[in-house]
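J.: My questions will all concern the structure given below.
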Ligand SMILES: *Cc1c(COP(=O)(O)O)cnc(C)c1O
């Protein structure tokens, strides 16, 4: 799929292909093209990072000059050639066995962080989504993204002289963004319609190209809509609940309709968080006429192709809607789909919730999916507890939520120097092959190479930060001499700590301020100085978050010396994040466990040789070893106990004072800090490839996408024969389960063998509808529980549909560890997602 050159203006003929380059967001991770855009318009490139804007606004005269410039033209042609070659390469996915069964993955997300020049993201969730699409392009995974185009995106931050956060909402002019209107086969602008109470809404559709991948965006700002509705897609995470629900209808239902309108062969629908959960209901509705079945059967058929990633570790963060609001907005859909509104709403309610319970989008997503997973090992287990109420009486280990730890798109976050270093060590195609050889090749880089590289990275950052502070001061209207004095801030040889993230309670952005004098002492030590760079936004409605920003400003203002060592940079976005993760020596992260579901910013420093000092939460809980960085915490949860916070602050100062600072300044005869460099090498070699979206997306494909595509293919085959059978089975189970009964169970151990004989009455179920199992909890955490299938033997005398079930199991555990249970069984069903009944002996 290539874009036809689209020209909003006339370009000199030799430069016509510039529009193809400008519209392919591959420039957001391809360092080679940075130079090209910088050459065309250095100021605009620095200020916006937006090639499409540059291409449209540069003067004709400048373009003619460039077209006649041999050096420029040869670079331009090299990049065009490079792009063509890249697109023609055989990808990882081309080599996946039976990969064609995947069809196409539709990846739904409320936000996408692809580049600061397309500001439709807020934080981690969006960055992950952007990194997924870029990696799908690299690996050749057939995928399209579905998202919303916000007229104002997420707020932009400035901070006044008193440390108060100011929020601004500059307008996202679609003509300036690197996107095009999406056209249908006839060439007219594609338009999608969704229903809102009493009216319908017309949606505009946009196309973003990301290498081999496309992202389609929807927005409500069509002049045919009423003025109020045109603003529905105004802000990301702004507005009231009603606006949010309307946004989610646009994303989910509108998004699925867009896929249908383009006639794309989507097999797998991946919900990045619950916001887009309505997509899978629309998917089911579209399957109804094709299969000639009711809504519930159509959902049974299609759900096997839906995957849900859950991102939050706290139930309060689930996306929930007031039941009255949900009724009002979903009524038109329930009517269209021929189902009772309460049947629809029940999909998003807890098992024992009444009609007044809110509509929980995460519940809805899980109930309508064929598989679900969290974003780190720890978060997987936290999520099983969160969703356990949907599976009453099932052991926690069997709540159907797995995990795939997040990663980052390495080429987006590496610096040009890091790219060069890795290319020298491992070659160009390093992020698309095997992980092990990469690690081995980096592991042999010598001390001097690594230390020079680190120094170069830090120097680059200090220069960029000085320029940012100068601009920040000028924007605040500070006197010219203060602006000019920005060049005296920071020092390129000083240990540089970075702390940048959302300012909100659980991230504890003020933990370092617990003992301000101690921090001040540590920063201004004349022999072993330390400098600290801070950044982060607090949500405009988060008062305590904004107070923490003010607290840092007050600390910095204490004295002139400190203000040279500690700086706060406004308006944390992807561009600033990239600068920081490329240059800092240590990235600090202090969340309260287990509230950082994964965290990804710390992964971005890996490729650049930065080190992590972090709470043992999220990804760091599985990545940390003493030879790659530093840890805080004791691997236990302490909620928001202020005593524990103080204790961890103490640990944080100690780690800095006793390990981080001494190791950085302990130089050998050559002037190299050996212990430091050893950590850099280990962290680069062993963590970079693992905590990459390259590893992550391959896991998505192998663990979830391909099995989901096959499962949904089976259910849809032959007019949905299997789905009908499954639905009949599920109804049969529902009807007869209450009468299923376990009679007597005899368990006894003899010479290391457990003999089991149990009597089970099946009511009117067929013998294959259920499975009788012997169960024992796992002995160790994170291992599977013990399960053995009992074999049906002779019928019970005098009973209808009652049988003996027996097993003989070698064991060294006590009889008391074991219990017998009956669970639903069907070869195509996913248990307990397709049927959550369970019957235990002695219940
Ligand atoms: C990577 C990134 C994030 C996510 O970082 P966390 O580790 O979740 O704090 C947030 N915002 C921006 C701008 C980022 O680049």
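The values are calculated or read from the model by the stated rules, or taken from the named source; none is laboratory data. Keep in mind the model is a prediction, meaning the values are calculated, not measured. Here the Cβ is made from the backbone with ideal geometry for all residues, glycine too, and neighbour counts use every protein chain on show.
J.: Among what's in the stretch 713-746 and is in contact with a strand residue (DSSP E or B) (Cβ under 6 Å, 6 or more places away or on another chain) and modelled with pLDDT of 95 or more, pick the residue that is surrounded by the most Cβ atoms within 10 Å (Cβ to Cβ).
T.: If we filter the stretch 713-746 for residues that are in contact with a strand residue (DSSP E or B) (Cβ under 6 Å, 6 or more places away or on another chain), which is where we start, we get 733, 740-746.
Narrowing further to those that are modelled with pLDDT of 95 or more: 733, 740-742.
Values: 733: 22, 740: 20, 741: 13, 742: 20.
The residue in question is 733.
J.: While we're looking at this one, here's another question. Give the number of residues within the stretch 782-800 that are outside any strand (DSSP E or B) and in contact with a helix residue (DSSP H, G or I) (Cβ under 8 Å, 6 or more places away or on another chain). Show your work before the answer.
T.: We begin by selecting, within the stretch 782-800, every residue outside any strand (DSSP E or B); these are 782-785, 790, 796-800.
If we keep only those that are in contact with a helix residue (DSSP H, G or I) (Cβ under 8 Å, 6 or more places away or on another chain) too, we end up with 782, 784-785.
Looking only at that region, the number is 3.
J.: Here's a follow-up. Restricting attention to the stretch 114-157, report how many residues are under 18 Å from residue 177 (Cα atoms), over 15 Å from the mean Cα position of the chain (by Cα) and assigned to a helix (DSSP H, G or I).
T.: Result for the stretch 114-157: 0.
J.: If I ask for residues that are within 16 Å of the ligand (Cβ to nearest atom), surrounded by 19 or more Cβ atoms within 10 Å (Cβ to Cβ) and in a loop (DSSP other than H, G, I, E, B), which ones from the stretch 483-503 would you list? Write out each step before concluding.
T.: Just the residues of the stretch 483-503 that are within 16 Å of the ligand (Cβ to nearest atom), to begin with: 497-503.
When the remaining residues are screened for being surrounded by 19 or more Cβ atoms within 10 Å (Cβ to Cβ), the result is 497-501, 503.
Once the filter is applied, which keeps residues that are within 16 Å of the ligand (Cβ to nearest atom), surrounded by 19 or more Cβ atoms within 10 Å (Cβ to Cβ) and in a loop (DSSP other than H, G, I, E, B), the stretch 483-503 yields 501, 503.
J.: Kindly provide the set of residues from the stretch 146-158 that are away from the ligand (no atom under 11 Å from the Cβ) and closer than 27 Å to residue 44 by Cβ, ordered by number.
T.: Applying the first criterion (away from the ligand (no atom under 11 Å from the Cβ)) to the stretch 146-158 yields 146-153, 155-158.
If the condition is that a residue be away from the ligand (no atom under 11 Å from the Cβ) and closer than 27 Å to residue 44 by Cβ, then 147, 148, 149, 150, 151, 152, 153, 155, 156, 157, 158 are the ones that fit.
J.: Let me ask something else. Would you mind stating whether residue 317 is assigned by TED's automatic domain parsing to the domain that holds residue 359 and surrounded by fewer than 18 Cβ atoms within 10 Å (Cβ to Cβ)? Break it down into steps so the answer makes sense when it comes.
T.: On the way: assigned by TED's automatic domain parsing to the domain that holds residue 359: yes; surrounded by fewer than 18 Cβ atoms within 10 Å (Cβ to Cβ): yes.
Judged against the criteria, residue 317 is a match.
J.: Separate question: Say we look at the stretch 460-477 and pick out the residues that are farther than 28 Å from residue 608 by Cβ and without any contact (Cβ under 8 Å) to a residue 24 or more places away in the chain; which of these is surrounded by the most Cβ atoms within 10 Å (Cβ to Cβ)?
T.: Once the filter is applied, the top-ranked residue is 474.
J.: Now for a separate question. Just need a number here: residues in the stretch 802-818 that are at pLDDT below 95 and within 12 Å of residue 742 (Cα to Cα).
T.: Matching residues across the stretch 802-818 total 0.
J.: Okay, moving on. Condition first: more than 16 Å from the ligand (Cβ to nearest atom) and in contact (Cβ under 8 Å) with a residue 24 or more places away in the chain. Now tell me which residues in the stretch 544-556 satisfy that. Walk me through how you get there before you give the answer.
T.: Looking only at the stretch 544-556, we keep the residues that are more than 16 Å from the ligand (Cβ to nearest atom), and these are 544, 546-547, 550-556.
Scanning the stretch 544-556 gives 544, 546, 550, 551, 552, 553, 554, 555.
J.: Suppose we keep only residues that are within 18 Å of residue 581 (Cβ to Cβ) and touching a helix residue (DSSP H, G or I) at 6+ places or on another chain (Cβ under 6 Å) within the stretch 504-533. Which one would you say is farthest from the ligand (Cβ to nearest atom)? Before you say what the answer is, go through the steps one by one.
T.: Filtering the stretch 504-533 down to residues within 18 Å of residue 581 (Cβ to Cβ) leaves 507, 509, 531-533.
Now narrow it down to the ones that are touching a helix residue (DSSP H, G or I) at 6+ places or on another chain (Cβ under 6 Å): 509, 531.
Values: 509: 10, 531: 21 Å.
Filtering the stretch 504-533 for residues that are within 18 Å of residue 581 (Cβ to Cβ) and touching a helix residue (DSSP H, G or I) at 6+ places or on another chain (Cβ under 6 Å), the one farthest from the ligand (Cβ to nearest atom) comes out as 531.
J.: Among the residues of the stretch 832-843, which ones are modelled with pLDDT of 95 or more and either under 24 Å from residue 753 (Cα atoms) or in contact with a strand residue (DSSP E or B) (Cβ under 6 Å, 6 or more places away or on another chain) (or both)? Spell out the reasoning first.
T.: Our first condition is that a residue be modelled with pLDDT of 95 or more; within the stretch 832-843, this holds for 832-840.
Passing the criteria: 835, 837, 838, 839, 840.
J.: Mind telling me which of the residues 649, 717, 636 ends up being outside the structural domain of residue 594 (by TED's automatic domain parsing) and more than 26 Å from residue 439 (Cβ to Cβ)? Break it down stepwise before answering.
T.: Working: 649 fails: outside the structural domain of residue 594 (by TED's automatic domain parsing); 636 fails: outside the structural domain of residue 594 (by TED's automatic domain parsing).
Matching residue, one of 649, 717, 636: 717.
J.: Just checking, which of 128, 166 is outside the structural domain of residue 542 (by TED's automatic domain parsing) and more than 26 Å from residue 689 (Cα to Cα)? Please lay out each step first, then the result.
T.: Working: 128 fails: more than 26 Å from residue 689 (Cα to Cα).
One residue alone meets the criteria, 166.
J.: So residue 339 passes all but one of these: (1) touching a residue at least 12 places away in the same chain (Cβ under 8 Å); (2) assigned to a helix (DSSP H, G or I); (3) surrounded by fewer than 21 Cβ atoms within 10 Å (Cβ to Cβ). Which condition number does it fail?
T.: (2)
J.: With the checklist (1) in contact with a helix residue (DSSP H, G or I) (Cβ under 7 Å, 6 or more places away or on another chain); (2) outside any strand (DSSP E or B); (3) surrounded by fewer than 20 Cβ atoms within 10 Å (Cβ to Cβ) in hand, flag the one item residue 178 doesn't pass.
T.: With respect to (1) in contact with a helix residue (DSSP H, G or I) (Cβ under 7 Å, 6 or more places away or on another chain); (2) outside any strand (DSSP E or B); (3) surrounded by fewer than 20 Cβ atoms within 10 Å (Cβ to Cβ), residue 178 is out only on (3).
J.: Could you please give the count of residues in the stretch 576-628 that are on the phi > 0 side of the Ramachandran plot and more than 9 Å from the ligand (Cβ to nearest atom)?
T.: Taking the stretch 576-628 first, the residues on the phi > 0 side of the Ramachandran plot are 599, 609, 618.
So of that shortlist, the ones also more than 9 Å from the ligand (Cβ to nearest atom) come out as 609.
Here the count works out to 1.
J.: Something else: Quick check: is even one residue across the stretch 541-550 outside any helix (DSSP H, G or I) and either modelled with pLDDT under 95 or closer than 30 Å to residue 239 by Cα (or both)?
T.: Step one: filter the stretch 541-550 for residues outside any helix (DSSP H, G or I), giving 541-542.
Subset that is either modelled with pLDDT under 95 or closer than 30 Å to residue 239 by Cα (or both): 541-542.
Within the stretch 541-550, one or more residues are outside any helix (DSSP H, G or I) and either modelled with pLDDT under 95 or closer than 30 Å to residue 239 by Cα (or both).
J.: Also: Could you list, in sequence order, all residues of the stretch 94-133 that are away from the ligand (no atom under 13 Å from the Cβ) and either without any contact (Cβ under 8 Å) to a residue 24 or more places away in the chain or surrounded by fewer than 24 Cβ atoms within 10 Å (Cβ to Cβ) (or both)?
T.: Matches in the stretch 94-133: 94, 95, 96, 97, 98, 99, 100, 101, 102, 103, 104, 117.
J.: In addition: Which of the residues belonging to the stretch 557-575 are touching a helix residue (DSSP H, G or I) at 6+ places or on another chain (Cβ under 8 Å) and within 14 Å of the ligand (Cβ to nearest atom)?
T.: Correct list: 569, 570, 574.
J.: Pick out the one residue from 264, 299, 251 that is more than 26 Å from residue 598 (Cβ to Cβ) and part of a helix (DSSP H, G or I). Let's see the steps before the verdict.
T.: Details: 264 fails: part of a helix (DSSP H, G or I); 251 fails: more than 26 Å from residue 598 (Cβ to Cβ).
After applying the criteria, what remains is 299.
J.: Which residues, taken from the stretch 33-53, are surrounded by 15 or more Cβ atoms within 10 Å (Cβ to Cβ), within 32 Å of the chain's Cα centre (by Cα) and without any contact (Cβ under 8 Å) to a residue 60 or more places away in the chain? First the steps, then the outcome.
T.: First, pick out the residues of the stretch 33-53 that are surrounded by 15 or more Cβ atoms within 10 Å (Cβ to Cβ): 33-34, 36-37, 39-41, 44-45, 48-53.
Pick out the ones that are also within 32 Å of the chain's Cα centre (by Cα) and you get 33-34, 36-37, 44-45, 48-53.
Within the stretch 33-53, 33, 36, 37, 44, 45 meet the criteria.
J.: Looking for something surrounded by fewer than 18 Cβ atoms within 10 Å (Cβ to Cβ) and either touching a helix residue (DSSP H, G or I) at 6+ places or on another chain (Cβ under 7 Å) or within 16 Å of residue 107 (Cα to Cα) (or both) - is there at least one such residue anywhere in the stretch 235-243?
T.: Scanning the stretch 235-243, I find at least one residue that is surrounded by fewer than 18 Cβ atoms within 10 Å (Cβ to Cβ) and either touching a helix residue (DSSP H, G or I) at 6+ places or on another chain (Cβ under 7 Å) or within 16 Å of residue 107 (Cα to Cα) (or both), so the answer is yes.
To keep it simple, each residue is scored yes or no on (1) within 16 Å of the ligand (Cβ to nearest atom); (2) touching a residue at least 40 places away in the same chain (Cβ under 8 Å); (3) under 29 Å from residue 699 (Cβ atoms).
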site: 345; (1), (2), (3): no, no, no
site: 366; (1), (2), (3): no, yes, yes
site: 385; (1), (2), (3): no, no, yes
site: 388; (1), (2), (3): no, no, yes
site: 405; (1), (2), (3): yes, yes, yes
site: 411; (1), (2), (3): yes, yes, yes
site: 421; (1), (2), (3): no, no, yes
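J.: Could you tell me whether any residue of the stretch 747-763 is within 30 Å of residue 294 (Cα to Cα) and not assigned by TED's automatic domain parsing to the domain that holds residue 284?
T.: Going residue by residue through the stretch 747-763, those that are within 30 Å of residue 294 (Cα to Cα) are 762-763.
Within this subset, residues satisfying the condition of being not assigned by TED's automatic domain parsing to the domain that holds residue 284 are 762-763.
Scanning the stretch 747-763 turns up at least one residue that is within 30 Å of residue 294 (Cα to Cα) and not assigned by TED's automatic domain parsing to the domain that holds residue 284.
J.: Out of the stretch 405-418, which residues are under 15 Å from residue 689 (Cβ atoms) and outside any loop (DSSP other than H, G, I, E, B)?
T.: Hits for the stretch 405-418 are 408, 410, 411, 413, 418.
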